[in-house]
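Engineer: Sharing a structure with you now.
The values are calculated or read from the model by the stated rules, or taken from the named source; none is laboratory data. All values derive from a computational prediction rather than experimental measurement. For neighbour counting, all protein chains shown are included, and Cβ atoms are generated from backbone atoms with ideal geometry for every residue, glycine included. These accessible areas exclude ligands, DNA and RNA; they are computed on the full protein's heavy atoms, side chains included. Shrake-Rupley method; radii C 1.70, N 1.55, O 1.52, S 1.80 Å.
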Amino acid sequence: MTGDEILAEFRDAGALLEGHFILSSGLRSPVFLQKMRIFEDPVRTERVCGALGAAIRESFGEVDLVVSPAIGGIIPGYETARALGCKAVFVEREDGEFQLRRGFEIPKGARVVMVEDIVTTGLSSRECLAAIRKHPATLLGAACIVDRSNGTADVGVPLVSLLKMDVPAYPADQLPPELAAIPAVKPGSRVPA
């Protein structure tokens with residue numbers, strides 16, 4: 001799928017929102033991608049994550065395991081792993097740090113890709129990758145459906161994305177007047193940093 005086709009999936013699902021949004025990073029933005037509107041539709045999810053799986057295979061080759069950060073990365077991680085024909089696990093925060101729980105393991109030598117839903121600053125991706133690096137696997141890289149940083153977020157490994165967007169994000173004390181004039185809403189699930 002092309003970037004335009006991915007953007008059309010978000011539009012068609014009612015997942016491309018405009019207004020004044022507080023992102024999980026704490027930054028403010030006039031655009032929010034409500035990815036759960038994509039993931040509520042299994043057919044759309046399969047289509048989008050199948051495309052992500054194809055992009056991963058093209059960039060990294062064969063993959064043994066997909067690891068994703070909870071909670072937003074669980075669905076795309078699972079569905080992308082299904083497209084790749086491999087297993088999927090996720091890391092969760094315990095004592096403020098991502099780690100494997102629930103008996104999940106990363107086998108020695110496994111070829112691993114971290115799959116995220118949307119990357120803005122890359123913080124949760126870097127935290128997830130740090131958890132993966134604690135295991136004796138081969139970390140191939142990372143992948144996401146949308147890179148809101150337009151390729152500027154450094155996650156520390158090669159990052160594959162289906163759509164790169166140049167979406168402005170501002171600290172709360174540096175808002176442009178047109179954004180400051182709109183009441184802010186927090187549509188995501190994570191408490192801002």
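Engineer: Just need a number here: residues in the stretch 70-79 that are farther than 13 Å from K35 by Cβ and either touching a residue at least 60 places away in the same chain (Cβ under 8 Å) or not in a loop (DSSP other than H, G, I, E, B) (or both).
Structural biologist: 1
Engineer: Only one of (1) over 30 Å from K134 (Cβ atoms); (2) open to solvent by less than 50 Å² (accessible area, probe 1.4 Å); (3) assigned to a loop (DSSP other than H, G, I, E, B); (4) in contact with a strand residue (DSSP E or B) (Cβ under 9 Å, 6 or more places away or on another chain) fails for G14. Which number is that?
Structural biologist: Failing condition for G14: (4).
Engineer: Here is a follow-up. Which residue is least open to solvent (accessible area, probe 1.4 Å), if the candidates are limited to the stretch 104-134 and must be free of Cβ contacts under 8 Å to residues at least 40 places away in the same chain and not in a loop (DSSP other than H, G, I, E, B)?
Structural biologist: L129
Engineer: Filter the stretch 80-102 down to residues that are in a helix (DSSP H, G or I) and open to solvent by 20 Å² or more (accessible area, probe 1.4 Å), then give me how many there are. Explain how you work it out, then say what you get.
Structural biologist: Step one: list which residues in the stretch 80-102 are in a helix (DSSP H, G or I), which gives 80-84.
When the remaining residues are screened for being open to solvent by 20 Å² or more (accessible area, probe 1.4 Å), the result is 82-83.
Matching residues across the stretch 80-102 total 2.
Engineer: Condition first: closer than 17 Å to D147 by Cβ and either open to solvent by 60 Å² or more (accessible area, probe 1.4 Å) or at pLDDT below 95 (or both). Now tell me which residues in the stretch 55-68 satisfy that.
Structural biologist: Matches in the stretch 55-68: E58, S59.
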